[in-house]
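Worksheet: the structure to be examined is printed underneath.
The values are calculated or read from the model by the stated rules, or taken from the named source; none is laboratory data. Just so we're clear, the structure is a prediction, and the values are computed from it rather than from any experiment. Methodologically, a virtual Cβ is constructed for each residue, glycine included, from the backbone with ideal geometry; neighbour enumeration extends over all protein chains shown. Ligands, DNA and RNA are excluded from the accessible area calculation, which covers all protein heavy atoms including side chains. Shrake-Rupley method; radii C 1.70, N 1.55, O 1.52, S 1.80 Å.
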Amino acid sequence: MIQYGRQKIVEEDIQAVISVLRSDFLTQGPMVPRFEEELCNYVGASNCVAVNSATSALHIACMALGIGDGDVVWTSPNTFVASANAAIYCGATVDFVDINPRTYNMSVEALECKLNLSKKMGLLPKAVIPVHYAGQSCEMERIWGLSKEFGFKIIEDASHAVGAEYQGGAVGNCRYSDITVFSFHPIKIITTGEGGCALTNDEKIAVKMRQARSHGITSDRDLMEETPADEIWNYQQVSIGYNYRMTDIAAALGISQLSFVEEFLEKRRTIARVFSEHFENTPIILPAQHPDTLSSFHLYPIRVPSSCLANTQMEVYKFLHGLGIIVNLHYIPVYLQPYFRRLGFKKGYCPESELFFKEAISIPIHPSLTKPEIEKIISALKKIVH
Ligand SMILES: *Cc1c(COP(=O)(O)O)cnc(C)c1O
C-alpha cells in the first residue's frame with residue numbers, strides 16, 4: 001500500500017525518546033524549552049510555546065488575542081476543521097473566505113471584498129486565520145496590509161508548512177502576523193506523535209499563551225498578586241487555562257525530527273518536481289506556486305477536471321485504491337460539515353472551494369516514497385487521463 005502521507009522515524013528518533021524515558025523528567029523537564037528554542041532559531045521568531053497539538057496552539061492563540069463572545073473570526077473553508085473550531089472554543093462566530101482557484105489558499109481579492117462589505121455592516125472580524133494549504137504560504141504581505149487597513153489580528157495556520165518559505169524568509173517568523181501555528185501530527189512535515197506550537201514575536205502574547213497552556217498558572221513573581229508574608233506560594237492561577245502541555249518524550253522526538261527537516265523537505269520537493277514534469281502536458285491541473293513562496297509540499301493536490309475524464313472523482317479514487325495507491329481528499333469545505341450546516345451555512349457559499357473539492361485528489365507525497373512507488377503513481381494517473 002502506498003499511503004498519501006506517512007511519518008518517517010529513524011533510529012536517532014527512537015534513541016532520543018528512550019533517553020527521556022530513562023531520565024528524571026517525562027514532562028516539564030528540559031526537552032520542551034530546548035525544542036522551543038530550536039524552533040525559534042529555525043524560523044527566526046523570538047517566542048515559541050510548544051503544546052500537545054496544533055488545535056491547542058490555535059486555541060491558546062485565539063485566547064491570547066482576546067477573542068471571545070461576540071467576536072467574529074474568518075478562515076479558509078479549504079482546511080482541516082481545527083482552524084475554525086479554535087475560535088468557536090472562545091465563543092466567537094466563524095465565517096469563511098473563498099479560495100484562490102489556482103493556489104487553493106484564501107483569496108486576497110475575496111478577503112478584501114468581504115472586508116469592504118462587512119465594514120459597511122459594522123461586522124469586521126477580530127482575527128483572520130489564513131491557512132497555508134498543502135505547505136504553500138498565503139500572500140501574507142497583502143493580508144497583513146489589509147489587517148492594518150481594517151484592524152484585525154492574524155494567526156497563520158501553518159500546520160502544513162513547517163520548513164516552507166515566503167519572500168525568502170521562513171514561515172513561522174511572524175513577519176506578517178501576530179502568531180503562527182505548526183502541527184507535529186505524524187501526517188505533517190515533522191512529528192512529535194501529537195503536538196504543535198505557537199510562535200510569536202510579541203512577548204505579551206507569548207506570556208498569555210504560556211499561561212493558557214498550563215491552567216492559567218504563573219510562577220513569575222511579577223505576575224502574581226500580593227500574598228501575605230507568612231504564606232508560601234510558588235505559583236498562582238491568575239487567569240483561566242488548560243492542560244495543553246507537551247511532554248518531554250514528545251519534545252525529544254521533535255528535536256530529533258527537526259534535525260532531519262531539511263532532508264525531509266528536499267525529498268518532498270524532489271517528488272513534487274517529478275510529478276510536475278510528468279503531468280505538465282496532461283489535462284491534470286497541478287497546484288500553482290506563487291513566485292513568493294517555497295512550499296513544504298505537505299500535500300500534493302491535483303485537479304482532474306470532470307470534463308476531461310471518463311471517470312468520476314469517486315471512480316478515480318477507487319481505481320487508485322485498487323492499485324494500492326491510497327489517495328485522499330483535502331478538503332471538504334469546512335462549512336459543509338454537518339456541525340457548520342447546523343449553524344446556517346449552505347451549499348454554494350464559497351463556489352471555488354466547492355469546485356476544488358469536486359475535482360481535487362491528494363496524491364501520495366512523503367519522504368519515504370521509493371522511486372518505483374513514485375513511478376507507479378505516475379503511470380496509474382496517466383492511465384486515467386488517457
Ligand atoms: C492537522 C491540522 C490541524 C490540527 O493539527 P493537530 O496537531 O492534529 O491538532 C490544524 N490545521 C490544519 C490546516 C491541519 O492540517
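The table that follows gives values for the structure above.
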quantity	calculated
Top-ranked residue of the stretch 138-159 - restricted to ones that are within 16 Å of the ligand (Cβ to nearest atom) and in a loop (DSSP other than H, G, I, E, B), ranked as nearest to residue 104 (Cα to Cα)	138
All positions within the stretch 104-137 that are modelled with pLDDT of 95 or more and in a loop (DSSP other than H, G, I, E, B)	104, 105, 107, 124, 125, 126, 130, 132, 136, 137
Residue list for the stretch 202-240, restricted to those being in contact (Cβ under 8 Å) with a residue 40 or more places away in the chain and of a type in the set (Gly, Ala, Ser)	206, 212
Residues of the stretch 160-181 satisfying the condition of being in a loop (DSSP other than H, G, I, E, B), within 16 Å of the ligand (Cβ to nearest atom) and not polar (S, T, N, Q)	160, 161, 162, 163, 164, 171, 172
Answer residue from the stretch 66-89, given it is open to solvent by 20 Å² or more (accessible area, probe 1.4 Å) and assigned to a loop (DSSP other than H, G, I, E, B) and is nearest to residue 158 (Cα to Cα) among those	80
Subset of the stretch 48-65 [within 13 Å of the ligand (Cβ to nearest atom), in a loop (DSSP other than H, G, I, E, B) and either crowded, with 24+ Cβ neighbours inside 10 Å or β-branched (Val, Ile, Thr) (or both)]	none
Subset tally (residues that are more than 10 Å from the ligand (Cβ to nearest atom), open to solvent by less than 10 Å² (accessible area, probe 1.4 Å) and either without any contact (Cβ under 8 Å) to a residue 24 or more places away in the chain or assigned to a loop (DSSP other than H, G, I, E, B) (or both)) for the stretch 182-201	2
Residue in the stretch 210-228 that is open to solvent by 40 Å² or more (accessible area, probe 1.4 Å) and under 23 Å from residue 173 (Cα atoms) present	yes
Residue check, residue 289 open to solvent by 40 Å² or more (accessible area, probe 1.4 Å) and within 25 Å of the chain's Cα centre (by Cα)	yes
Every residue from the stretch 332-365 that is open to solvent by 10 Å² or more (accessible area, probe 1.4 Å) and assigned to a loop (DSSP other than H, G, I, E, B)	332, 337, 343, 344, 345, 346, 347, 348, 349
Pairs, first closer than 23 Å to residue 366 by Cα in the stretch 8-21, second among the hydroxyl-bearing types (Ser, Thr, Tyr) and open to solvent by 80 Å² or more (accessible area, probe 1.4 Å), C-beta under 8 Å, six or more apart	12/259
Cross-chain or 6+ apart pairs with Cβ under 6 Å, the stretch 25-38 first and touching a residue at least 12 places away in the same chain (Cβ under 8 Å), then part of a loop (DSSP other than H, G, I, E, B) and of a type in the set (A, V, I, L, M, F, W, C)	32/246
Where a residue in the stretch 266-283 is more than 13 Å from residue 371 (Cβ to Cβ) and its partner, wherever it lies, is open to solvent by less than 40 Å² (accessible area, probe 1.4 Å) and at pLDDT below 95, with Cβ under 6 Å and at least six apart	282/385; 283/385
Residue list for the stretch 8-41, filter: surrounded by fewer than 20 Cβ atoms within 10 Å (Cβ to Cβ) and closer than 30 Å to residue 275 by Cα	8, 9, 10, 11
Residue match in the stretch 105-112 (condition: open to solvent by 40 Å² or more (accessible area, probe 1.4 Å), more than 15 Å from the ligand (Cβ to nearest atom) and among the charged types (D, E, K, R))	yes
Every residue from the stretch 83-100 that is within 14 Å of residue 62 (Cβ to Cβ) and hydrophobic (A, V, I, L, M, F, W, C)	84, 86, 87, 88, 90, 92, 94
